Structures are given as structure tokens and as C-alpha cells.
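**Student:** Below: one structure in C-alpha cells.
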Amino acid sequence: MKPFLILQLRPETDASDDEFQAFLAKGGLDHDLVHRIRLDQQSIPADLNPNDYAGVIVGGGPGCVSDAPDKKDPIEARIEAQCLALMPKITAQDIPFLGCCYGIGILGQHLEPGSVSKESYGEPVSASLCKITEDGRDDPLLDGIPDTFEAFVGHKEAMQHLPQGCQHLVSSSRCPYQMIKCGQNVYATQFHPEADAHNFETRIGIYKHHGYFPPEEAEALVDMVHAANVHAPAQILRNFVTRYRA
């Protein structure tokens with residue numbers, strides 16, 4: 001079987017390692033069936049062919065595609081540029097892709113620069129109540145997911161409108177574009193399908209000085225995520241792996 005390619009955009013080792021383990025656990029993936037690239041530490045090989053993989057999974061990170069170039073951290077700018085350079089082949093060839101949080105920014109920026117911004121729809125660290133749209137009800141990645149479900153979010157920028165040719169699969173009252181699809185196999189979520197309460201507790205500790213929330217609220221946010229009923233999003237990741245692993 002082909003391996004899955006997991007591209008990680010988090011420059012913090014604890015956050016990156018925790019996210020990677022979450023992708024493995026929630027997706028039902030073994031170490032020997034993935035190729036992990038931490039883009040803060042290594043570059044995508046020039047000869048990498050996405051067709052050599054069962055699918056491509058892009059994780060989250062503290063960067064924002066809508067930040068002005070002179071405001072971007074140099075490492076984050078390099079990470080973002082590498083991901084964007086891979087997107088033309090992925091979308092043109094409809095290669096299986098699942099972008100998580102930062103991943104919807106990467107996909108939106110590629111499809112329509114400016115479609116992702118901080119103008120509206122940012123969400124604080126929370127469990128967002130999401131709803132499957134009419135288009136989403138028949139999508140195989142949402143098989144077994146209830147019509148409404150909670151998902152962990154926390155983002156400063158968001159997709160402002162649906163790029164041409166995309167399908168709108170999941171919405172929420174605070175952020176309309178929670179999950180979209182381009183072609184038949186290219187997906188992105190604003191929420192984190194890999195994250196459970198323990199993963200989000202780890203990220204709250206790591207990112208409490210990154211402007212997502214006042215640092216003094218960290219303890220209350222940890223209590224909140226452990227009280228939330230977030231289980232359904234992991235099924236999306238499992239469905240992606242199951243659908244494309246063959």
C-alpha cells in the first residue's frame with residue numbers, strides 16, 4: 001500500500017509531536033504507513049510526487065496565510081511557501097488531500113488569493129457547534145457523522161467566501177466555512193478533526209502567549225475542552241484514511 005504524506009507546519013516540537021500522534025491514533029495509521037515531514041526542520045524534496053502517496057494530510061500551525069509578507073515569521077513564511085507550491089499539482093490532479101485548520105487557509109489561498117482573511121469568522125479556542133450542509137450529507141468523508149456535532153477550533157483567520165468550484169460541506173453559526181471540498185478528493189476543515197481534549201490541553205499550554213486568548217484564561221479553557229462533547233470529527237479523519245488507503 002502507498003503511505004500517507006503528513007506535512008506539519010508547527011515549529012514547536014511538543015505541539016508537532018502531539019499532533020502527529022493524534023493523526024496516527026485518530027486515523028488508524030501505523031508509523032510504517034506514513035511519511036512525516038516537519039516543514040520547520042526539512043524541506044519538501046524537489047522530486048516529491050504526491051501521486052506516490054495514498055493521500056496528503058496537512059496539519060495546523062500558528063501562522064496565518066493572510067498576514068502581510070513583512071509580518072510573517074521567516075520560518076512560517078518558508079513553511080507556507082512550500083505547502084502552496086505543492087497545491088497546483090494536488091488540485092489539478094485531484095490528489096486526495098485533507099487540510100486541517102491551517103490547511104483550509106493553504107487551500108483557499110491557492111484557489112483564490114484573498115479568500116482567507118481576518119476580516120470575519122475568527123473563533124476563540126472553543127468547541128464549535130457544526131452542522132452538515134445538504135451537499136455534505138452525501139459526502140463519504142462525513143459518513144457516520146451526525147447532522148450536528150461539536151469540534152475543537154481556535155483560529156484568527158477564516159475563509160470569507162467559498163472559492164469557485166468548491167462544495168460547502170459543514171458550517172457553523174460563527175464560522176460558515178468549517179469544511180469544504182474541491183473536486184472529488186481535495187478536502188479542508190477549519191476545525192481540527194485530529195484533536196481531542198488532551199490534544200487541545202497541550203496546545204493551550206504551548207500557545208497561551210500567541211494571542212489566541214488572554215494567558216490567564218488558560219486554566220478555564222482546559223476545563224472547558226475536557227467538558228466538551230467532541231468525538232465525531234475523528235471519524236472524518238478515519239473516513240479519509242479508510243477511503244484512500246487502498
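The values are calculated or read from the model by the stated rules, or taken from the named source; none is laboratory data. Note that this is a predicted model, so its numbers are computed, not measured. In this analysis, Cβ positions are derived from the backbone assuming ideal geometry, glycine residues included, and neighbour counts consider all displayed protein chains.
**Student:** All but one of (1) in a helix (DSSP H, G or I); (2) surrounded by 19 or more Cβ atoms within 10 Å (Cβ to Cβ) hold for D223; which doesn't?
**Tutor:** Among (1) in a helix (DSSP H, G or I); (2) surrounded by 19 or more Cβ atoms within 10 Å (Cβ to Cβ), D223 violates only (2).
**Student:** Follow-up question, since we're still on this one. Within segment 107-131, how many residues turn out to be within 19 Å of C166 (Cα to Cα) and surrounded by fewer than 24 Cβ atoms within 10 Å (Cβ to Cβ)?
**Tutor:** The total comes to 10.
**Student:** A follow-up question, please. Suppose we keep only residues that are touching a Gly at 6+ places or on another chain (Cβ under 8 Å) and part of a strand (DSSP E or B) within segment 132-166. Which one would you say is surrounded by the most Cβ atoms within 10 Å (Cβ to Cβ)?
**Tutor:** Here the answer is M159.
**Student:** Ok, one more. Every residue in segment 58-81 that is of a type in the set (G, A, S), crowded, with 17+ Cβ neighbours inside 10 Å and under 18 Å from L111 (Cα atoms), please.
**Tutor:** Listed by number, the list holds a single entry, S66.
**Student:** Of the residues L98, L39, L84, L9, only one is surrounded by fewer than 22 Cβ atoms within 10 Å (Cβ to Cβ) and either acidic (D, E) or at pLDDT 95 or above (or both); which?
**Tutor:** Of L98, L39, L84, L9, the one residue that is surrounded by fewer than 22 Cβ atoms within 10 Å (Cβ to Cβ) and either acidic (D, E) or at pLDDT 95 or above (or both) is L84.
**Student:** I'd like the residue in segment 171-182 that is under 14 Å from the mean Cα position of the chain (by Cα) and part of a strand (DSSP E or B) and, out of all such residues, is farthest from K118 (Cα to Cα).
**Tutor:** By that ranking, first place goes to K181.
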